[in-house]
Amino acid sequence: MSLELHQRYEIVFLAKNIYGPKYGVRGQSKSGPQNQLVLKPDLIEQPEPIVFAFDIECTKMPLKFSTAASEQIMMISYMIDTQGYLIINREIISQDIDDFEYTPKKEYPGHFHVFNESNEFELLKRFFNHIINVKPHILVTYNGDSFDMPFVEQRAQFYGLNMFNEIGFRKDSQDCYLSRPCIHMDCIKWVKRDSYLPVESHGLKAVTKAKLRYNPIEIDPEDMCRLAVEQPQTLSNYSVSDAVATYYLYMKYVHTFIFALGTIIPMRPDEVLRKG
């Protein structure tokens, strides 16, 4: 069988067996018929795990990249099953932010509840505590292995907090941030391997335009610290736009694809996403 035919067969198999009717096996008895397939109509619906997608915004020096050793987190935006949240570091942001809505398209709603915290330490504690309370099954990031997770980890260490002790995530030997009770899905891994987008279109904004079909909010990184003081609401809209894009990109493209592959590849979903 050629590779192309083999791939077609796998797609048909997944379509019919992963997303189609589910069956059980009825074993044979001594006097009865042979094993039988029994339709299980109650297994049609897919499970609904708790999905927690987040993104951070950090301070930076002019013409330099943000480094956790010298910069702070000024915002953390995240979505939990379509409900949005934004945590503000009021040491950096000039005023309190009220709850607001960011819905770029009708099918991608984003209603955000805002926590205005007094400083970065309180911001991190709020973030960790919310993860602990919600107990998500899946943590979603965009380039989180390389930026968001290590940045949060190092800023937590600055205040004597251990991210592994707080939420159970730490870096493994492959520089991936994983946890035993929760899956970490870094969507950029899917983009690089499975999206068929050119290399120059692997940034979150470009992927949003190509896959979610809308124009996200864009801000020059050099303007972010100025906007934190002069136009904090504009910066807040920008921050949550990344969380919205990350969440819906994962739900629309990555989630079913990776878990379908997981039915034929004997690996954790984290590994199915990152291997190859």
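The values are calculated or read from the model by the stated rules, or taken from the named source; none is laboratory data. It should be emphasised that the depicted structure is a prediction, and the values quoted were computed from it without experimental measurement. Cβ atoms come from the backbone with ideal geometry, glycine included; neighbour counts cover every protein chain shown.
Here is how the numbers come out for the structure above:
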| read-out | value |
| --- | --- |
| Inter-residue pairs, beta-carbon under 7 Å, first within 16 Å of Ala243 (Cβ to Cβ) and in the stretch 210-221, second basic (Lys, Arg) and part of a loop (DSSP other than H, G, I, E, B), 6+ apart | Tyr214/Lys105 |
| Qualifying positions in the stretch 230-240 - of a type outside the set (Phe, Trp, Tyr), part of a helix (DSSP H, G or I) and surrounded by fewer than 23 Cβ atoms within 10 Å (Cβ to Cβ) | Glu230, Pro232, Gln233, Thr234, Asn237 |
| In the stretch 99-144, the residues that are in contact with a helix residue (DSSP H, G or I) (Cβ under 9 Å, 6 or more places away or on another chain), of a type in the set (S, T, N, Q) and not in a strand (DSSP E or B) | Thr103, Asn129, Asn143 |
| Residue within the stretch 146-154 that is of a type outside the set (Lys, Arg) and in contact with a Leu (Cβ under 6 Å, 6 or more places away or on another chain) present | no |
| Selection count where residues are surrounded by fewer than 21 Cβ atoms within 10 Å (Cβ to Cβ) and under 28 Å from Lys252 (Cα atoms), scope the stretch 75-107 | 12 |
| Every pair of residues 6+ apart whose Cβ atoms lie under 8 Å, when the first sits in the stretch 156-179 and is over 23 Å from Pro269 (Cα atoms) while the second is small (Gly, Ala, Ser) and not in a loop (DSSP other than H, G, I, E, B) | Asn162/Ala156 |
| Residue ID - nearest to Thr263 (Cα to Cα), chosen from residues in the stretch 28-75 that are among the basic types (Lys, Arg) and at pLDDT below 90 | Lys40 |
| Scan of the stretch 122-136 for residues that are without any contact (Cβ under 8 Å) to a residue 40 or more places away in the chain and not aliphatic (A, V, I, L, M), ordered by number | Glu122, Lys125, Arg126, Phe128, Asn129, Asn133 |
| Residue among Leu273, Leu204, Leu227 that alone is crowded, with 18+ Cβ neighbours inside 10 Å, under 20 Å from Cys182 (Cβ atoms) and at pLDDT 95 or above | Leu273 |
| Per-region count, the stretch 252-276, residues closer than 11 Å to Asp194 by Cα and among the aromatic types (Phe, Trp, Tyr) | 2 |
| Residue check for Ile87: touching a Lys or Arg at 6+ places or on another chain (Cβ under 8 Å), under 24 Å from Val152 (Cβ atoms) and outside any loop (DSSP other than H, G, I, E, B) | yes |
| Residue match in the stretch 146-165 (condition: part of a loop (DSSP other than H, G, I, E, B), touching a strand residue (DSSP E or B) at 6+ places or on another chain (Cβ under 9 Å) and surrounded by 15 or more Cβ atoms within 10 Å (Cβ to Cβ)) | no |
| Residues that are in contact with a Leu (Cβ under 8 Å, 6 or more places away or on another chain) and buried (at least 19 other Cβ atoms within 10 Å of the Cβ), drawn from the stretch 115-130 | Glu117, Leu124 |
| Selection status of Asn119, at pLDDT 95 or above and more than 22 Å from the chain's Cα centre (by Cα) | yes |
